[in-house]
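**Q** Quick one: structure below, then a few questions.
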Amino acid sequence: MRTDAEHRGEFSDFTEAGYRELLQIAKTNYAFARFGESRADRHVLWRHDIDVSFNRALRLAQIEREEGVTATYFFFPRSIFYNLLNDLTKSVAKQILELGHDIALHFDPTQYGPGLSRASLLEAMTAERDLLQREFGVPPRAVSFHLYGVLEEPMPDDDEVAGMINAYSKSLRDTYDYASDSNGVWIYRRLRDVLLKAEKDRLQVLTHPEWWTGETMPPRLRLQRAIDGYAAAMAKWYDDIVAKSGRPNLR
């Protein structure tokens, strides 16, 4: 486990410029692959769980397009931070797909209560899968799980679940190296070091777009930035509607 001082010393990693540099390093050692592809070359599965911010996700998708790589974006229908189906968020999500990236499902089993049976789990995942396909016109390529570790039930480790590639399948865990930016820090290994060493021929990288900002800041402030951005957008939506309707907007 890394120390607080080490984490703070690496805050500058989590910027748009730092992200671009990571992609450029990755390209020197790996090809960028899609979930479900059968490949024999050295490759990386580069994915994003969109827990908080679609605006940050779009910026990363643009940087990836500029660098000539593709990633898989795991949309979260039950996020507490955004409504995936409103016009503002949905339009941004569509832009990500138009940039050539893949859609996938980020599924939170805790939303369905404890003790979820296997049949109920598959039913819920299928419903969310179908929702994404209906709203965005393409089937989710893969699925990742949110907060599964807080449940007593074991996380599914099948290669496919509800017709989607399981990002946490046993076969992927056994055959791919793995690095993640969970909580906006490198808890175990710095991604830059993993990419430079390239010790394994296969790598899965997980990032969360809210942690990657234009300027350097601590993780909690990055999160607050996203929250404040949503609040400002909601306030503007309200003010615009009131103005168009000619009603008073008392403050």
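The values are calculated or read from the model by the stated rules, or taken from the named source; none is laboratory data. Given the structure is predicted, the values throughout are model-derived calculations rather than measurements. Here the Cβ positions follow ideal geometry from the backbone for every residue, glycine too, while neighbour counts run over all protein chains shown. Keep in mind that these areas ignore ligands, DNA and RNA; they rest on the heavy atoms of the full protein, side chains included. Shrake-Rupley method; radii C 1.70, N 1.55, O 1.52, S 1.80 Å.
**Q** Just to be sure I understand, how many residues within region 136-157 are open to solvent by less than 30 Å² (accessible area, probe 1.4 Å) and either farther than 16 Å from Asp108 by Cβ or modelled with pLDDT of 80 or more (or both)?
**A** 7
**Q** Is it fair to say Leu250 is free of Cβ contacts under 8 Å to residues at least 12 places away in the same chain and surrounded by 11 or more Cβ atoms within 10 Å (Cβ to Cβ)? Give the derivation first.
**A** Numbers: free of Cβ contacts under 8 Å to residues at least 12 places away in the same chain: yes; surrounded by 11 or more Cβ atoms within 10 Å (Cβ to Cβ): no.
No: the conditions fail for Leu250.
**Q** With respect to Val161, is the statement that it is touching a residue at least 12 places away in the same chain (Cβ under 8 Å), open to solvent by 50 Å² or more (accessible area, probe 1.4 Å), under 25 Å from Val205 (Cα atoms) and among the hydrophobic types (A, V, I, L, M, F, W, C) true?
**A** Values: touching a residue at least 12 places away in the same chain (Cβ under 8 Å): yes; open to solvent by 50 Å² or more (accessible area, probe 1.4 Å): no; under 25 Å from Val205 (Cα atoms): yes; among the hydrophobic types (A, V, I, L, M, F, W, C): yes.
So Val161 does not fit the description; no.
**Q** Kindly list, by first and then second residue, each pair from a residue in region 217-246 that is surrounded by 14 or more Cβ atoms within 10 Å (Cβ to Cβ) to a residue that is among the acidic types (Asp, Glu), limited to pairs with Cβ atoms under 7 Å and residues at least 6 apart or on different chains.
**A** Hits for this filter: Arg222/Glu210; Leu223/Glu210; Ala226/Glu210.
**Q** Output the number of the condition that Lys90 fails; it satisfies all remaining conditions of (1) in contact with a His (Cβ under 9 Å, 6 or more places away or on another chain); (2) farther than 23 Å from Asp177 by Cβ.
**A** Of (1) in contact with a His (Cβ under 9 Å, 6 or more places away or on another chain); (2) farther than 23 Å from Asp177 by Cβ, only one is false for Lys90: (1).
**Q** Just wondering, is there one or more residues in region 83-97 that are of a type in the set (A, V, I, L, M), part of a loop (DSSP other than H, G, I, E, B) and free of Cβ contacts under 8 Å to residues at least 60 places away in the same chain?
**A** yes
**Q** Continuing with this model, one more query. Across region 83-128, what is the total count of residues that are open to solvent by 50 Å² or more (accessible area, probe 1.4 Å) and closer than 23 Å to Arg56 by Cα?
**A** 9
**Q** Among all residue pairs at least 6 apart or on different chains, which show Cβ distances below 6 Å where the first residue, located in region 62-76, is without any contact (Cβ under 8 Å) to a residue 24 or more places away in the chain and the second is open to solvent by 30 Å² or more (accessible area, probe 1.4 Å) and among the hydrophobic types (A, V, I, L, M, F, W, C)?
**A** Pairs found: none.
**Q** Additional query: Any residue that is touching a helix residue (DSSP H, G or I) at 6+ places or on another chain (Cβ under 8 Å) and more than 18 Å from Asp49 (Cβ to Cβ) - is there at least one of those in region 71-84? Lay out the reasoning, then the answer.
**A** Within region 71-84, the first condition is being touching a helix residue (DSSP H, G or I) at 6+ places or on another chain (Cβ under 8 Å), and the residues that meet it are 71, 73, 75, 77-78, 81-84.
Now narrow it down to the ones that are more than 18 Å from Asp49 (Cβ to Cβ): none.
Scanning region 71-84 turns up no residue that is touching a helix residue (DSSP H, G or I) at 6+ places or on another chain (Cβ under 8 Å) and more than 18 Å from Asp49 (Cβ to Cβ).
**Q** Further question on the same structure: Among (1) under 28 Å from Asp193 (Cβ atoms); (2) in contact (Cβ under 8 Å) with a residue 60 or more places away in the chain; (3) not in a helix (DSSP H, G or I), where does His106 come up short?
**A** Every listed condition holds for His106 apart from (2).
**Q** While we're looking at this one, here's another question. Please determine, by comparing only the residues of region 179-216 that are part of a strand (DSSP E or B) and farther than 19 Å from Leu105 by Cα, which one is most open to solvent (accessible area, probe 1.4 Å). Reasoning before the result, please.
**A** Our first condition is that a residue be part of a strand (DSSP E or B); within region 179-216, this holds for 179-180, 202-207, 213.
Right, trim to farther than 19 Å from Leu105 by Cα and you get 179, 202-203, 213.
On the way: Ala179: 7, Arg202: 86, Leu203: 0, Thr213: 1 Å².
Within region 179-216, the match that is most open to solvent (accessible area, probe 1.4 Å) is Arg202.
Every residue, every condition in (1) of a type in the set (S, T, N, Q); (2) under 25 Å from Pro218 (Cβ atoms); (3) part of a loop (DSSP other than H, G, I, E, B); (4) open to solvent by 30 Å² or more (accessible area, probe 1.4 Å), yes or no:
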| site | (1), (2), (3), (4) |
| --- | --- |
| Tyr19 | no, yes, no, no |
| Ile25 | no, yes, no, no |
| Ala40 | no, no, yes, yes |
| Leu45 | no, no, no, no |
| Ile63 | no, yes, no, no |
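**Q** Identify the residue in region 92-111 that is modelled with pLDDT of 95 or more, out of contact with any strand residue (DSSP E or B) (no Cβ under 7 Å at 6 or more places or on another chain) and not β-branched (Val, Ile, Thr) and, among all such residues, is farthest from Glu64 (Cα to Cα).
**A** Result: Lys94.
**Q** Return yes or no: is Asp228 under 30 Å from Ala33 (Cβ atoms) and of a type outside the set (Val, Ile, Thr)? Break it down stepwise before answering.
**A** On the way: under 30 Å from Ala33 (Cβ atoms): no; of a type outside the set (Val, Ile, Thr): yes.
No: the conditions fail for Asp228.
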